[in-house]
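Input: a single structure, listed below in structure tokens.
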Amino acid sequence: MPEVVITCDWTMMSNHHGKEFLGFGTTTPAYIFPEAVYRRLFYPPMPVDEHGYPRQAPYGMRKIEASLIDGGFDARIVHPGHLDKYMPGEAKVLLVSGHDYFGLNPPSSTFGGVMHKETLNCVNFKRMLSQPAVVEARRRGMKIIAGGPCAWQLAPATRAKLTWIQDFVDSIGGIDTVVEGESDLFVREIVGKALRDEFLPPHVVLTPKEAPKVEQISSIHYPSVNGLIEIGRGCCRGCSFCSVTTRPTRWYPLSKIEEELKVNAAIGVRKGLLHSDDVYFYGSPNVMPHEDKLLPLLALAKRYYEQVGWSHVAIASLMTKPKLLAKCAEILIDEKQAWWGVEVGVETGSPRMITAAMPGKVAPFKASQWPELVVQAAGLMNDNHVYPACTFIVGLPQETEEDVARTIDLIDDLWDFKGLLVPMFFVPLGHLKSKDWFRRDRLSPLQEELLKRALTHGLRQSKRMLADFFDWEGNHTQLYRTAFRGFIGFLEGMAKTHGLLSPAQRQGRAIVDPNLNPDHLPVPTIPVRE
């Protein structure tokens, strides 16, 4: 029985019907429907073995688990519903992770803020740590260490500002250490101290200089949710609102990627996701894609997975070599796969905001080209069977009403675009972490109109993409299509009742212009850490 237990809440310990982006459904407000409805739609239970070990687990947690195992620790990931098997008793240290503990990250902060309700992930996280077995184990001396991409939500500064979080932490007996940053190596140090009952610092922030090199990052031992495999870390674009851009860029060699593909394929995972902050320039030392790196990566993934998706891609990356996307499609699209999904950060339709908050996002193009680049990239993606989720940020500190108007214009240009437009309230991260959250009560009439346009577009395109999205074979396929069609219809009815729909003011124009290929432009070399 492991003495170091790693876990998360129920909304993360799910494969979301094999559709990673359905996980966004767990960022919606709780209690509008019975929780069983949300669970059936967005986070069905993850199968476990007799020990409570999940068949698949979130990838980031698998990396921490692998590091501890490789470091000689008796550590395993345990399903949150089976923690009582290990505590109070065998477990001496509990590591908790999550993408959004208290619904403060985007898009939870947007959905929950608009509805003035706690989100599903927040409700489930608090429920997980409030289980009697966990509270009793804590009372008997078990150490709790929190980490993950939302660890900042448990940092002392956040708890001082949001006292309701401190009240919750007090109610479960406290948390010993909060760790921010890439902790692949540090986790062995902090867990070792916990097991030896040594002093644990309450808050640790690991700097980019402490980020591990590729050869120091352990490969997963057990399967990851939806076959997600990391191909690299870091981002060189430097957006001020993003914490990832502070980390050095590192690419995994194909041999390391294949090692993890095999782990997932061994249990029958046939659909997977390649993860980095821009899959399109895998292996590149700058913002220009390298065809000789990317295409072999995709071919490798298709050897193990029947369907391959991407976690993220940048608009500017796509448009630097637009013809390369067709070559990617030639590898990925076949009798087993008709499309693929990806998340795209559009963020704004304003060239001025690009210059003010994210100048690297448009490189090697000019900021003035941004709206047209987005429109052209939208057409390029749809032409090559890519149906993305495009994020927009509402309430950046530098944003003006004119910037919002430009973003609304861009949404109108994308009206016929087969994809989702996801507006998110600004959250103070990265170089802007000293700023304040953007909240519903600060919405201007123009920002409200932006949200309405995005919602209307999303409902319209969701109905169009439903058949493509639920493309698996099986007896329950039609049932789920019907269920989600009903869910979308309910949301549309609610939106109409509350006056939240706003049609575009003109026809969309997502087209492709090959003349935007900027191969002649000089591209600065950006150092890449091996």
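Select from the stretch 181-210 the residues that are within 15 Å of LYS63 (Cβ to Cβ) and small (Gly, Ala, Ser) and list them in ascending order.
Within the stretch 181-210, GLY181, SER183 meet the criteria.
So which pairs qualify, if the first residue must be in the stretch 346-371 and free of Cβ contacts under 8 Å to residues at least 60 places away in the same chain and in a helix (DSSP H, G or I), the second must be surrounded by fewer than 24 Cβ atoms within 10 Å (Cβ to Cβ) and among the polar types (S, T, N, Q), the Cβ gap must be under 8 Å, and the two must be at least 6 apart or on different chains?
Hits for this filter: PRO351/SER368; PRO351/GLN369; ARG352/THR400; MET353/GLN398; ALA356/GLN398; VAL362/GLN369; ALA367/THR355.
Out of the stretch 16-35, which residues are assigned to a loop (DSSP other than H, G, I, E, B), touching a residue at least 12 places away in the same chain (Cβ under 8 Å) and more than 14 Å from the chain's Cα centre (by Cα)? Walk me through it before giving the result.
Just the residues of the stretch 16-35 that are assigned to a loop (DSSP other than H, G, I, E, B), to begin with: 19, 28, 30-34.
After this cut, where a residue has to be touching a residue at least 12 places away in the same chain (Cβ under 8 Å) as well, the list is 19, 28, 30-32.
Within the stretch 16-35, THR28, ALA30, TYR31, ILE32 qualify.
Could you tell me how many of the residues in the stretch 48-74 are more than 12 Å from LEU95 (Cβ to Cβ), over 21 Å from the mean Cα position of the chain (by Cα) and either of a type in the set (Ser, Thr, Tyr) or at pLDDT below 95 (or both)?
1
Looking at the stretch 283-333 only, could you name the residues that are part of a helix (DSSP H, G or I), touching a strand residue (DSSP E or B) at 6+ places or on another chain (Cβ under 9 Å), of a type in the set (A, V, I, L, M) and within 17 Å of HIS385 (Cβ to Cβ)?
LEU298, ALA301, LEU318, LEU325, ALA329, ILE331, LEU332 - these are the residues of the stretch 283-333 that are part of a helix (DSSP H, G or I), touching a strand residue (DSSP E or B) at 6+ places or on another chain (Cβ under 9 Å), of a type in the set (A, V, I, L, M) and within 17 Å of HIS385 (Cβ to Cβ).
Name every residue in the stretch 372-384 that is part of a helix (DSSP H, G or I) and not small (Gly, Ala, Ser), in order of residue number.
Looking only at the stretch 372-384, we keep the residues that are part of a helix (DSSP H, G or I), and these are 372-383.
Answer for the stretch 372-384, where residues must be part of a helix (DSSP H, G or I) and not small (Gly, Ala, Ser): GLU372, LEU373, VAL374, VAL375, GLN376, LEU380, MET381, ASN382, ASP383.
Residues of the stretch 180-191 being touching a residue at least 60 places away in the same chain (Cβ under 8 Å), assigned to a helix (DSSP H, G or I) and surrounded by fewer than 22 Cβ atoms within 10 Å (Cβ to Cβ), which ones?
ARG188
Can GLY141 be described as surrounded by fewer than 16 Cβ atoms within 10 Å (Cβ to Cβ) and either within 28 Å of GLU118 (Cα to Cα) or of a type in the set (Lys, Arg) (or both)?
Values: surrounded by fewer than 16 Cβ atoms within 10 Å (Cβ to Cβ): yes; either within 28 Å of GLU118 (Cα to Cα) or of a type in the set (Lys, Arg) (or both): no.
Answer is no for this residue.
Of all residues in the stretch 385-400, which are out of contact with any strand residue (DSSP E or B) (no Cβ under 9 Å at 6 or more places or on another chain) and either closer than 16 Å to LYS452 by Cβ or modelled with pLDDT under 90 (or both)? Please lay out each step first, then the result.
Keep residues of the stretch 385-400 that are out of contact with any strand residue (DSSP E or B) (no Cβ under 9 Å at 6 or more places or on another chain), which gives 397-398, 400.
PRO397, GLN398 - these are the residues of the stretch 385-400 that are out of contact with any strand residue (DSSP E or B) (no Cβ under 9 Å at 6 or more places or on another chain) and either closer than 16 Å to LYS452 by Cβ or modelled with pLDDT under 90 (or both).
What helices (runs of 4 or more DSSP H), lying completely within the stretch 43-162, carry at least 2 residues that are closer than 30 Å to GLU260 by Cα and acidic (Asp, Glu)? Can you show your working first?
Values: elements: 59-70, 108-115, 120-129, 132-139, 156-161.
Output list reads 59-70.
Filter the stretch 204-222 down to the residues that are in a loop (DSSP other than H, G, I, E, B) and among the hydrophobic types (A, V, I, L, M, F, W, C), then identify the one that is nearest to ILE6 (Cα to Cα). Step through it out loud before you land on a result.
Going residue by residue through the stretch 204-222, those that are in a loop (DSSP other than H, G, I, E, B) are 206-207, 211-213, 217-222.
Now drop any that are not among the hydrophobic types (A, V, I, L, M, F, W, C), which leaves 206, 211, 217, 220.
Working: LEU206: 20, ALA211: 21, ILE217: 18, ILE220: 14 Å.
The qualifying residue nearest to ILE6 (Cα to Cα) is ILE220.
The values are calculated or read from the model by the stated rules, or taken from the named source; none is laboratory data. Remember, predicted model here, so these are calculated numbers, not experimental data. Positions of Cβ are generated from backbone atoms using ideal geometry, with glycine treated the same way; all protein chains shown enter the neighbour counts.
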